[in-house]
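Step one of this worksheet: look at the structure below.
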Amino acid sequence: MMNEVFKSAKKNVKQASCLLTSWKLVLLFLIPFIAHGGNMKRKENSLISWSELAEIPDSIGLGGPFVGLHNNALIIAGGTNFPEEPPWKNGRKAWHKAIYVLEQVDGKCVWHKAGDLEEALAYGVSISTDQGLVCIGGCSDGHYSTDVFMLQWDGVSKKIQKKELPALPHPCGYAAGAQVGHTVFVTCGRSADNGKPGNELWSLDLSALNISDNLQWQKLLDFPGQARINPLATAQSDGFGEHLYIFGGLGERIADNGDKEKVFFKDGWRYTPAKNEWKELASLPRPVRSSTCLPLGQSQILIFGGPDGTRSVPDHPAEHPGFLGDILVYHTITDTWIKQGEIPVCPAVTSAVMWDGRIVIPSGEIRPGVRTPLVWQGVIKSPKRGFGLLNYSVLATYLILLVAMGFYFAGREKSTADFFLAGRRIPWWAAGLSIYGTQLSAITFMATPARCFSSDWLYFLPSRAVLFMGAPLAAFVFIPFFRRLNVNTAYEYLEKRFNSYVRMLASATFVIFQVARMGVVVFLPSIALSTVTGMNIYMCILAMGIFCIIYTTLGGIEAVIWSDVVQVIVLLGGALICFLVIAHSIDGGVAEIFRTGIADSKFRMAHMNPAWSLSTPSLLVILLAGFAYTIPYTSDQTVIQRYLTVKDEKAACRSVWGNALISIPGALLFYCLGTALYVFYKNQPALLDPGMATDSIVPWFVMNQLPNGVSGLIVAGIFAAAMSSLDSSMNSTSTAIINDFLRPLKKGLSEMGYALDSSWCHIWWSTLLLAAPNAFNHLRVWDRFTNNCL
């Protein structure tokens with residue numbers, strides 16, 4: 001069988017060579033225009049638009065308070081200030097225990113005095129959790145605390161409830177901490193034991209808070225950097241999992257004359273809880289300490305100004321210019337730093353929180369000894385490039401061509417055999433490309449490169465199981481089986497083997513699965529396209545759905561298969577253009593992509609972990625997962641229907657082998673594109689959009705690095721990927737409904753009668769499939785899923 005496939009392919013070598021030569025000439029002509037025609041440099045602008053939200057009830061302001069969110073309210077507790085005279089006039093520092101809560105009611109800020117802490121505290125660790133604001137350690141006028149407690153806001157009674165948590169192993173202040181998963185981590189700081197900076201790491205698992213009476217802090221691997229106080233800490237993902245990140249801080253060293261000197265650090269570290277290990281990161285552009293930071297999006301961290309040791313206190317401290325206000329952005333995947341905008345007045349010794357999509361920084365210290373009562377809010381400005389008339393024209397032309405194909409094949413649809421099986425006149429190679437296109441989707445087009453961009457090639461091997469397991473199993477077992485049964489659906493056999501109820505149950509399961517699948521396959525790429533291009537999300541969904549309904553209703557499975565052929569060409573061509581543009585724009589080209597990829601382990605295909613490892617899938621798990629990729633080739637109606645549209649069993653086998661063979665270069669292209677995107681943005685991190693979802697990296701690159709027209713063609717490729725899955729599901733589910741339900745329950749109709757019913761069923765059922773992604777958007781299903789599960 002394989003020999004016949006290769007013989008057939010050999011006959012077309014000359015034609016393929018001519019086509020390849022043509023593509024090379026076209027690409028040689030396009031690359032200079034593409035590489036230099038796009039928006040390869042972003043204009044310098046402010047990342048965040050800042051404004052004043054409110055003033056805290058303390059008119060002077062507070063330094064070092066506990067700050068966080070609970071039940072959609074901002075909590076500020078404790079802190080210090082100089083109420084009488086500034087410190088340079090020998091003013092005495094006051095320590096506070098008041099708790100203030102800020103709510104927003106009908107767009108207005110409402111403050112509540114919600115009680116007091118048991119003792120005045122400041123300079124502790126604040127961590128916002130779903131259960132409440134966790135407050136850890138701190139100090140009060142030289143007294144260091146071991147207290148750990150949770151502040152919970154009751155929006156009905158307008159009161160704060162305090163819940164005691166296990167105390168720290170020893171008193172500690174000026175430390176840093178964050179929550180990773182259900183566990184809070186605390187490290188560094190100064191202990192009352194010896195007054196020196198520390199580097200211990202402790203954790204407390206809050207998931208056992210209500211079920212265990214023996215909840216205790218756990219000692220973990222010490223922070224490997226030099227001992228320090230006032231570092232910055234947050235949690236963020238790097239593509240492989242969520243980690244604890246530690247940046248900067250203040251330490252001590254002995255000068256040559258024997259005196260102690262302050263040391264401002266600019267090193268960065270990442271702690272991986274699953275492996276209990278630390279890794280040093282790229283150094284910050286400048287030292288930081290006592291600043292505010294928070295995670296943004298799926299892979300970035302923002303650091304807001306703060307003291308760096310360069311602005312010393314002048315002879316007249318009141319004239320101090322204030323702390324630096326530049327915003328540093330760290331990308332956890334590419335391990336790169338950029339400076340992006342400024343905050344007008346930068347408070348330090350406080351905490352930044354993300355509240356209702358806005359960055360909020362309450363009170364804090366704006367220069368040595370001086371507090372501010374202001375609460376600042378910042379709105380992230382996500383840069384977009386409009387889709388443009390030319391891009392819309394390219395996309396519209398592509399969609400109109402698909403409809404024209406439907407009209408072209410409409411005259412051939414004389415019976416249900418024509419509508420669902422194309423009269424068995426489809427060439428094997430077209431059926432093979434259609435199988436390939438059916439198994440792909442816009443999620444694959446975007447998610448596969450995005451996964452490689454954020455991690456590595458871990459899932460390359462199991463996805464290629466189709467060549468070694470799926471294709472042989474289909475060619476030698478299932479294709480002969482289904483072809484000799486002379487069936488229209490994969491589930492007709494179940495009636496012959498068992499009874500009609502089993503057949504209908506299996507068919508109904510397939511139909512329900514397709515509805516849910518189409519909701520995801522169309523909805524998620526529509527989100528990405530809408531976010532990056534500015535196109536209305538409903539327009540994205542309706543454009544894909546309505547055009548699919550038209551050409552699949554007119555031309556049946558024949559229009560579906562031939563449109564899949566076109567869509568696969570557009571899909572792979574778009575990915576190839578993106579890769580070539582990146583290679584042309586990087587110094588060193590393809591060689592640099594592979595050099596950097598190898599150096600950063602981006603081509604790794606297996607993790608040699610134990611089989612039971614929870615951090616990343618082991619090699620054994622990955623190999624076993626390959627069996628899942630064989631399922632569509634043995635029982636999925638959308639694939640099996642392709643086997644039945646060719647003239648004979650031999651052609652069906654060729655189609656599945658052709659699909660298996662093209663899946664290898666196709667996968668290599670998508671995986672290489674992901675690695676190329678990583679290298680591109682590692683070299684030019686300023687071109688990334690802070691806060692952007694990693695899954696949007698492909699459309700983001702397309703819309704911002706390619707010129708109008710070309711970007712429209714690539715977006716058409718994303719539409720093509722979604723539509724190749726959508727049209728297949730539309731036709732296959734209609735096939736299942738007509739043959740597994742309508743024919744057994746409505747006997748006696750002529751073939752033309754069944755054909756007419758097929759058309760109407762296809763229209764109504766396709767409309768239902770189209771309603772699924774719109775319902776996802778209306779109900780915000782994806783937002784709820786990510787909020788609860790990620």
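Data for the structure
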quantity: Mean Cβ neighbour count within 10 Å, used as a protection proxy, ranking 595-605, 550-560, 181-191 highest first; calculated: 550-560, 181-191, 595-605
quantity: Whole-number accessible area per residue in Å² for segment 67-114, which is evaluated in the context of all protein chains at 1.4 Å; calculated: 50
quantity: Rg/Rh ratio calculated on Cα atoms of segment 262-421 (Kirkwood radius); calculated: 1.32
quantity: Cut-off under 5 Å, modelled amide H: who pairs with residue 159 long-range; calculated: 154
quantity: Separation between Cα centres of segment 507-562 and segment 396-456, rounded to whole Å; calculated: 12
quantity: Phi to ³J(HN,Hα) by Karplus 6.51 cos²θ - 1.76 cosθ + 1.60 over segment 420-429, Hz, x for Gly, Pro; calculated: 9, 10, 6, x, 6, 10, 7, x, 4, 5
quantity: Carbon + sulfur, % of accessible area of segment 441-558 - ligands and nucleic acids excluded, 1.4 Å; calculated: 68
quantity: Farthest toward positive dipole pole in segment 77-215 [+1 Lys/Arg, -1 Asp/Glu at C-beta], among 161, 87, 131; calculated: 87
quantity: Cα-based Rg of segment 130-235 normalised by 2.2 N^0.38 Å, two decimals; calculated: 1.10
quantity: From phi via Karplus (6.51, -1.76, 1.60), per-residue ³J(HN,Hα) for segment 471-480 in Hz, x at Gly/Pro; calculated: 5, x, 4, 5, 5, 9, 10, 7, 5, x
quantity: Sequence ranges 148-158, 654-664, 469-479, ranked by mean other-Cβ count within 10 angstrom, highest first; calculated: 654-664, 469-479, 148-158
quantity: ³J(HN,Hα), Karplus 6.51/-1.76/1.60, whole Hz, each residue of segment 658-666, x for Gly, Pro; calculated: x, 4, 5, 5, 6, 5, 5, x, x
quantity: Debye log10 I(q)/I(0) at q = 0.18 Å⁻¹ for segment 448-604, Cα point scatterers; calculated: -1.40
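The values are calculated or read from the model by the stated rules, or taken from the named source; none is laboratory data. This is a predicted model, so every value here is computed, not measured. Quick reminder, even Gly has a Cβ in these numbers, built from the backbone with ideal geometry, and neighbours come from all protein chains shown. When the accessible area is computed, the model is the full protein with side chains, heavy atoms only, and any ligands, DNA or RNA have been set aside. Shrake-Rupley method; radii C 1.70, N 1.55, O 1.52, S 1.80 Å.
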